Amino acid sequence: MATLLRAVPPSPADAVQLPHNLEAEAALLGALMIDNRIVADVMTKLRPEHFMGGEASLHARLYAAILMLANKNMVATPVTLRPLFLADPEMQALGGTAYLAELTHSAALIAAPDFAQQIYDLALLRALVSVGREMVGHALDTSTEIDPQKQIEDAEIALYKVAEDGEVSGGTKSFGEAVKAAIDMAEVAIKSGGHISGITTGLTALNEKLGGLHPSDLIILAGRPAMGKTALATNIAFNAARRHVADRADPAGAAVAFFSLEMAADQLAGRVLAEQSGLTSENLRMGRINQAEFRDLARAAAELNDLPLYIDDTPALSIAALRTRARRLKRQKHVGLIVVDYLQLLQGSSRANGDNRVQEVSEISRGLKTLAKELSVPVLALSQLSRAVEQRENKRPQLSDLRESGTIEQDADIVLFVYREEYYHAQRKPADGAKGFDEWLAEGHAIEGRAEVIVAKQRHGSTGIVPLRFEKEITRFSDLADEAHLPQRYE
């Protein structure tokens, strides 16, 4: 065993400080050479860089060679590995390729998975030591620009990389496992009354169309300015959080992380208060409320005090920083829904590299989809539409109107458009007493307070139009019983 300990000599500085177990490495390598079937059990978690000394160490290179032979459907034994290490200086220092046979003498087949787990765990500890040293070094270095917040974010990213290193969260599933997951989802929908298997939007008609918001889905909510995108997103976030408060065991409810790059947190909170108290946002902002209305406001605020709705209103957030903060909220607050308002205000790394805006938005949309899958939560991202909508006679949005990048449509599992004909109708107002004024007035009354959520893309179901009511004074969407006035299909 003394020979084995010389296999991967750590540096003098690290020999005492860094955690390692060379005996476990040697025993694992010996077990792999004796029984190649063990390779399949350890290769998904353990990588060459997890061995002490990194990829350049002898044990790491031996492990990589074993994986290479296994990948070629060749047997990995001391005999087949010998030609690969005949001229290896480190192997020669240990007495030559006879060291390969010596490794098999220390093998313990039944304990091989435990050896692999310990090697992996010790590699994580060494990575933590490295992150800690780097954090200390940066914190002590005042010769460069001092930005503690940036250092904290960088440290969080580094720590999360350590946490996820080597973990395989998905992997291959049997068809039976996939079927069971589908049956479980159907059971949730049945228990909810046959309408919802994901997180509720709080709107019955929209739940019936989408089945709720599902984990791992990227939902794009788009519309032109003044259509009510933020209002609808805020309504959905509030409804999901309120459902979670009512029954934390109910899968239709969820704690919500709301990343508001456009509006301040107090403005969003004001919208929710206005909706729940029945007071207009404008009156709240201007202070035009009486004592009775203020009591209603205070009562609504008290009821919402413990709402699991977490607002991050940091401006000019990068997609990398958003992912870091979302992971933290998932870990600390167990959020089950993420809302981003809005996509085009995020920054990607492409901007720093001088690439064009289309590439940057593509990176952002892919990053949001990756985040949804990584955290297994729905991500609801708001998006602007191009001005091409305004040039058409029929101003209902189309997928081609998604601004700046076709990859938004490609990455999204669901694309929703908010459309209010009432807004455009007001712009077509003829002069008082002019021809057609009465018809215009009658049409305005018919569509007043009506909105549409157009389901333009849905991987899990059909497209179509969902009619809703919109109270613009208190920025609240609600269900609309009368659907006869709206087309039932979206082409």
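If you bin the C-alpha pair distances of region 282-350 every 5 Å from 0, what whole percents do you get?
Final binned percentages: 3, 12, 18, 14, 13, 12, 12, 10, 4, 1, 0.
Taking the Kirkwood radius as the inverse of the mean 1/r across Cα pairs, report the Rg/Rh of region 2-141.
Radius of gyration over Kirkwood radius for region 2-141 works out to 1.00.
Looking only at region 198-479, where both bridge partners belong to it, what percent of the DSSP beta bridges are antiparallel (to the nearest 5)?
Of those bridges, close to 45 percent are antiparallel.
Starting from 0.36 nm per residue, how many nanometres of slack lie between Ala388 and Val129 once their C-alpha separation is accounted for?
Full extension of this stretch gives 87.8 nm more.
Semi-axes, largest first, in whole Å: what does sqrt of 5 times each Cα gyration tensor eigenvalue give for region 198-479?
Listed largest to smallest, the semi-axes of region 198-479 are 29, 26, 18 Å.
Only Cα pairs under 8 Å and at least 6 apart count here; give the relative contact order of region 198-479 as a rounded whole percent.
RCO, region 198-479: 26 percent.
Over the residues of region 72-145, compute the C-alpha Rg and express it relative to 2.2 N^0.38 Å.
1.75
Laboratory data are not the source of any read-out in this text; all were calculated from the coordinates shown. In this text, all values refer to a predicted model and were calculated from it rather than measured experimentally.
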